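Below is one structure, written out as structure tokens, with a few remarks after it.
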Amino acid sequence: CKIWVKPSTEQQFLYGHNITKAGLGRISETTEKFQGVVVYSMSDLPLGFGVAARSTAECKHADPLAVVCFHQADIGEYIRSEADLI
């Protein structure tokens, strides 16, 4: 399943933060709670991986500050950890 984030939320996700309902652009219709998801920008650039904190149906009725996706890994991980990898 996939989650697309709004441009204003991309950088927050890339710094390791979870995605809130306010930053959610789109979500696959069949997403189940606690299912692994691939996180994309609105221009379909893969940004990383996460775990759905809510199902698609729950997201529709969630509070704007409610977490909808838990951060797992992102493309900024390498840059942040580069010193430890060498």
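Listing for the model above:
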item	result
Qualifying positions in the range 35-60 - part of a loop (DSSP other than H, G, I, E, B), in contact with a strand residue (DSSP E or B) (Cβ under 7 Å, 6 or more places away or on another chain) and of a type outside the set (A, V, I, L, M, F, W, C)	GLN35, ARG54
ASP74 in contact with a helix residue (DSSP H, G or I) (Cβ under 7 Å, 6 or more places away or on another chain), in contact (Cβ under 8 Å) with a residue 24 or more places away in the chain and open to solvent by 80 Å² or more (accessible area, probe 1.4 Å)	no
Among (1) under 13 Å from the mean Cα position of the chain (by Cα); (2) exposed (fewer than 15 other Cβ atoms within 10 Å of the Cβ) - the single one ASP84 does not satisfy	(1)
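The values are calculated or read from the model by the stated rules, or taken from the named source; none is laboratory data. As the structure is a prediction and not an experimental result, all values here were calculated from the model. Cβ sites come from the backbone with ideal geometry, for glycine too, and all protein chains shown count toward neighbours. What goes into the accessible areas is simple: the full protein's heavy atoms, side chains included, and nothing from ligands, DNA or RNA. Shrake-Rupley method; radii C 1.70, N 1.55, O 1.52, S 1.80 Å.
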